[in-house]
């Protein structure tokens, strides 16, 4: 019984790893604006990071995915009420589309500290090596690709209530 | 008598295994606040919250990690027979009297009755070593004894023997307040640890304080954030299915924020341990604590 439980757990873990490794994090062709070229002006980034418009359905996945956005770790989202464990660290994202413009959401996702100040716990999802001692595996990489940032913005813009 | 205790502890361990295997799927839904109810106290402990000794510290109240756990986890620490950490404490007691090394001695040969000689020792670690001119954690102190006193090989940091011995010694101070020396030669080490505590690291660019000072008591996904206090270590973690050292926990935190961890026993982790012990001064030793 105990063994069976463990086998199931291992299978579930392998499944989760396989699913996340199938997601391409650095799709250079879709990222014409590299992280070092992105500028936040007055809490906004007006130009999209990629030429391809964001896909809200993909963005919804990145929002919940623990290896990618993992936004749910810190933000309550009533649109995902069927999923357990909404975090309480940041504000709820309910109706976030009524509070921020796409350019503001882009700036918050890319580099929250440039919008809210240095004290915010929110990571910059399109920043390269922001902290000291970045693990080798993540060195030189952003948490999200430019396309994934655009996808999440597209998803957030659907949250109107 | 001992056999009975062991059998009981083993069946408790089995129950814990089942519980945590189950929790991978069902993850008992614990809402914020649920675990903040008054659930009594851990075994051998008189309080899990203390007022800081001075007003200039960052915390209004120093709270043991016990307080933030679910009722199921708390229960395991309320009965020593159900606490799986006692398997290691018992192994440590056996090792205490086991001869090892070229000098044919055991810990007992020099320190005799541990209930007398070791009482309070665990509450004061890490401690300044005048001969080595540096602070030693309990693990480092044990290894100094082994190499110099017994003529034996050092134990590896996360080995069964080291975890058992440190759990055994710390357990002899259970219920006593953490009281690490923070002045004199220890001062630069406290400062170094404090600096590490507040430095943002990793791809997620976070410091210890971001979670454990600014956001304790809140949920971060399925985890209910504590103050990250050190009074329960070595601690039995359901996630680990075994007891583990404080430095192992540090490593896990650093990996979570995608940073390259320091090594267990490194000066950085020793300094961080000293700072945490000082930060949690007055909190009672709970070793072996049970945590998620």
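The values are calculated or read from the model by the stated rules, or taken from the named source; none is laboratory data. All values reported here derive from a predicted model rather than from experimental measurement. All Cβ positions, glycine included, derive from the backbone under ideal geometry; neighbour counts span all protein chains shown.
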Query raised in the report: When you look at residue B:181, is it more than 7 Å from every other protein chain (Cβ to nearest Cβ), touching a residue at least 24 places away in the same chain (Cβ under 8 Å) and in a loop (DSSP other than H, G, I, E, B), yes or no?
Result: yes
Requested in this report: Go through segment A:98-124 residue by residue and tally those that are more than 26 Å from residue B:197 (Cα to Cα) and assigned to a loop (DSSP other than H, G, I, E, B).
Outcome: 3
Query - Residue check, residue B:266 within 20 Å of residue B:163 (Cβ to Cβ) and in contact with a helix residue (DSSP H, G or I) (Cβ under 7 Å, 6 or more places away or on another chain) - result: no
Report task. Being facing chain A (nearest Cβ under 10 Å) and part of a helix (DSSP H, G or I) is the filter here, so list the residues in segment B:218-259 that pass it. Result -> B:254, B:255
Report summary line: In segment B:201-217, anything at the interface with chain A (Cβ under 7 Å from one of its Cβ atoms) and either at pLDDT below 95 or part of a helix (DSSP H, G or I) (or both) is listed as B:210
Query - Hits in segment B:260-286 (condition: in a helix (DSSP H, G or I), closer than 20 Å to residue B:225 by Cβ and free of Cβ contacts under 8 Å to residues at least 40 places away in the same chain) - result: none
Requested in this report: Spot the failing condition for residue A:54; the list is (1) surrounded by 20 or more Cβ atoms within 10 Å (Cβ to Cβ); (2) assigned to a helix (DSSP H, G or I); (3) away from chain B (no Cβ under 12 Å), and only one is missed.
Outcome: (2)
Report task. Considering every residue within segment B:285-292, establish whether at least one is within 14 Å of another protein chain (Cβ to nearest Cβ) and modelled with pLDDT under 95. Result -> yes
Requested in this report: For residue A:66, work out the one condition from (1) within 13 Å of another protein chain (Cβ to nearest Cβ); (2) surrounded by fewer than 18 Cβ atoms within 10 Å (Cβ to Cβ); (3) over 26 Å from residue B:217 (Cβ atoms) it doesn't fulfil.
Outcome: (3)
**Report entry** Out of A:160, A:127, sole residue that is more than 8 Å from chain B (Cβ to nearest Cβ), assigned to a loop (DSSP other than H, G, I, E, B) and on the phi < 0 side of the Ramachandran plot
**Finding:** A:160
Report task. Tell me, please, whether a residue that is in contact with a helix residue (DSSP H, G or I) (Cβ under 7 Å, 6 or more places away or on another chain) and within 9 Å of chain B (Cβ to nearest Cβ) can be found in segment A:107-117. Result -> no
